[in-house]
Amino acid sequence: MSPATRAAAPSFDALEFRAALGTFATGVTIVSARRPDGTLIGLTANSFNSVSLDPPLVLWSLSLRSASLAAFRSGTHYAINVLAADQQALALRFAAPVGERWQGTAWHPGVAGAPLIDGALAHFECFNRSRYDEGDHVIFVGEVEHCDRRPGATPLLFHGGRFYTELPE
């Protein structure tokens, strides 16, 4: 029997696949950067993952349809802001397709200039190391140049299409 050279056709539809993915609980992040003209960009993402400790690498993915894709592809640095439980309103604002996301958002510049959201549970300041087109998304791998965290804070969680702000006892 010879090894398969490609995957078999899926035995499910896109809605079933999305529902199955929704069973995996994740944290919630806002990925942020600056355009070359200094304009702030940012979006909510829960596709964040660690890759390597040595070197320190993380990944996240972005839809090919995102209006921010060109800026993230071409930029040298971005930040991943891991949101705390009290930042659900920010997650919703940065997930909206339109609107002024940064108005009223407290932030400060990171070491390389990427915006770090005040009150976040953690910040990962990344060099935009590599990008991979896969399916309908681009996978970004960032080399972490600086990170910090807020010990004792509760994370904002996402599961089954809903936010959760309390950890189980």
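Below is a table of values for the structure above.
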quantity: Residues of region 76-113 that turn out to be at pLDDT 95 or above, more than 12 Å from GLY42 (Cα to Cα) and of a type outside the set (A, V, I, L, M, F, W, C), as a count; calculated: 9
quantity: Only listed residue being surrounded by 12 or more Cβ atoms within 10 Å (Cβ to Cβ), in contact with a Cys (Cβ under 6 Å, 6 or more places away or on another chain), β-branched (Val, Ile, Thr) and closer than 25 Å to SER52 by Cβ, chosen from VAL138, VAL144; calculated: VAL144
quantity: Count of residues meeting criterion [in a strand (DSSP E or B) and either at pLDDT below 95 or of a type in the set (Gly, Ala, Ser) (or both)] in region 135-154; calculated: 1
quantity: Count of residues meeting criterion [open to solvent by 90 Å² or more (accessible area, probe 1.4 Å) and without any contact (Cβ under 8 Å) to a residue 60 or more places away in the chain] in region 13-49; calculated: 7
quantity: Enumerated strands (runs of 3 or more DSSP E) restricted to region 72-132, each holding at least 3 residues that are within 13 Å of the chain's Cα centre (by Cα); calculated: 77-82
quantity: Of residues in region 72-126 being of a type in the set (Phe, Trp, Tyr) and over 11 Å from ALA33 (Cα atoms), the one least open to solvent (accessible area, probe 1.4 Å); calculated: PHE94
quantity: Candidates SER61, SER66 - the one that is part of a strand (DSSP E or B), more than 17 Å from PRO36 (Cα to Cα) and open to solvent by 20 Å² or more (accessible area, probe 1.4 Å); calculated: SER61
quantity: Checklist (1) out of contact with any His (no Cβ under 6 Å at 6 or more places or on another chain); (2) of a type outside the set (Phe, Trp, Tyr); (3) under 17 Å from ASN81 (Cα atoms); (4) in contact (Cβ under 8 Å) with a residue 24 or more places away in the chain applied to GLY104, failing item; calculated: (4)
quantity: Condition broken by ARG6, with the remaining ones in (1) over 20 Å from the mean Cα position of the chain (by Cα); (2) open to solvent by less than 100 Å² (accessible area, probe 1.4 Å) satisfied; calculated: (2)
quantity: First in region 137-149 and more than 14 Å from GLY75 (Cα to Cα), second anywhere and among the aromatic types (Phe, Trp, Tyr) and open to solvent by less than 60 Å² (accessible area, probe 1.4 Å), Cβ under 6 Å, 6 or more apart; calculated: VAL144/PHE124; CYS147/PHE124
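The values are calculated or read from the model by the stated rules, or taken from the named source; none is laboratory data. Predicted model, so just to flag it, every value in this text is computed and none were measured. FYI the Cβ positions are ideal-geometry reconstructions off the backbone, even for glycines, and counts take in every protein chain you see. Note: accessible area is taken over every heavy atom of the protein model, side chains too, but ligands, DNA and RNA are not part of it. Shrake-Rupley method; radii C 1.70, N 1.55, O 1.52, S 1.80 Å.
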